[in-house]
Amino acid sequence: MAKKNVFAERRKIEQQAEAWFDRTHDDIPFETFANEQDKLRTGEEMLGEIRRKINRQKLYKLWRNVAAAAIIVISVGTWAYRNQQSSNSSTITQAWDSYAAKKSEFKKILLPDSSVIYLRPGAKVAVAHPFKQQTRQVKLETGEVYFEVSHDPAHPFLVTTGQITTQVLGTKFIINNDPLLADIRVALLSGKVAVRSQSTALGVLLPNQQLSFNRYRETVKLESSKAYTSENWLNGEYVLEDVPLKSFAETFGNAFSMDIKFEQKALEKLHVSIQFNKSDRPQSILNQLKLIHGLHYQIKDKEVILMK
């Protein structure tokens, strides 16, 4: 009879333990103790009390206290594990290495996986450190950048640009994140890329296609585009399609290390489509504005003044 009571009591304790675990969520960290000293002191008091009770109780009481001790030990172990996980998640943060191309500087970045990023003047990117984790991550903060990504299906290459992310396994593509333009543009030269926003897939690009994402309306346009080849982009060819004159001024100024100012503020909003190369004479490019909008200019050292 006593033996049955022992096992009945033991089963009751096991059921209590199971119920306790059912009420506990492993993904919610918590802290029961004020500090580590408090935690250790409380644990020692618990174990001391358990030992005293074991020494003076009968057999069936021993079984009950051993079960209770198991619950306490497991509970404290779970607390410690959760505290460690919570501490790790708060202390391990993503580190980034930043790169920027100065005016008139065409910058090349060789990544640890042999992928290459080319920055046009004024462009800024950040590269995850360490780079090769479950994914390979890059953030394009501003400017136009050309990517040559080494093929690695096990580690997708992700480029975050504002509200969108471009994912590739290995390919060549261009992203233009000009803050003066409404659209973020992704142009594919070879391979295949997928573009998504935080909430939805936006499209899959094939070679010679361009995806334009309007950062304000969050609309998408997918169209054919053969504006660039790898060679002409790397050789400093610029193709600006229907951009505000203010955006042209920023691009031109970065390419030739010059500053453009407008005599009339309204000129900034005029739109222009223009093509030029970094090897061209700045005066030749500005002369095109004369033909397009009838604009005049003055050059003083590294400063250009545009006027009607």
Among residues belonging to the range 291-308 that are outside any loop (DSSP other than H, G, I, E, B) and charged (D, E, K, R), point out the one that is surrounded by the fewest Cβ atoms within 10 Å (Cβ to Cβ).
Lys300
Of the criteria (1) surrounded by fewer than 22 Cβ atoms within 10 Å (Cβ to Cβ); (2) free of Cβ contacts under 8 Å to residues at least 60 places away in the same chain; (3) over 18 Å from Arg215 (Cα atoms), which one Phe147 fails
(1)
Of these, Ile285, Ile292, Ile274, which one is over 24 Å from Asn177 (Cβ atoms) and β-branched (Val, Ile, Thr)?
Ile292
Only one of Gln275, Gln288 is at negative phi, part of a strand (DSSP E or B) and not charged (D, E, K, R); which?
Gln275
With the condition kept exactly as written, say whether any residue in the range 264-277 is of a type in the set (Gly, Ala, Ser) and open to solvent by less than 70 Å² (accessible area, probe 1.4 Å).
no
Residues of the range 179-228 that turn out to be open to solvent by 40 Å² or more (accessible area, probe 1.4 Å), part of a strand (DSSP E or B), closer than 29 Å to Asn277 by Cβ and among the charged types (D, E, K, R), as a count:
3
Filter result (of a type in the set (A, V, I, L, M, F, W, C) and either at pLDDT 95 or above or closer than 27 Å to Asn232 by Cβ (or both)) within the range 132-169:
Val138, Leu140, Val145, Phe147, Val149, Phe157, Leu158, Val159, Ile164, Val168, Leu169
Ala255 is checked against (1) touching a Phe, Trp or Tyr at 6+ places or on another chain (Cβ under 9 Å); (2) closer than 22 Å to Ser104 by Cα; (3) open to solvent by 20 Å² or more (accessible area, probe 1.4 Å); (4) not in a strand (DSSP E or B) and fails just one. What number does that condition carry?
(3)
So which residues in the range 157-178 are farther than 12 Å from Val145 by Cβ, open to solvent by less than 20 Å² (accessible area, probe 1.4 Å) and of a type in the set (A, V, I, L, M, F, W, C), if there are any at all?
Phe157, Ile164, Val168
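The values are calculated or read from the model by the stated rules, or taken from the named source; none is laboratory data. Nothing here was measured: the structure is a model prediction, and the numbers come from that model. Neighbour counts run over all protein chains shown; Cβ positions are idealised from the backbone, glycine included. What goes into the accessible areas is simple: the full protein's heavy atoms, side chains included, and nothing from ligands, DNA or RNA. Shrake-Rupley method; radii C 1.70, N 1.55, O 1.52, S 1.80 Å.
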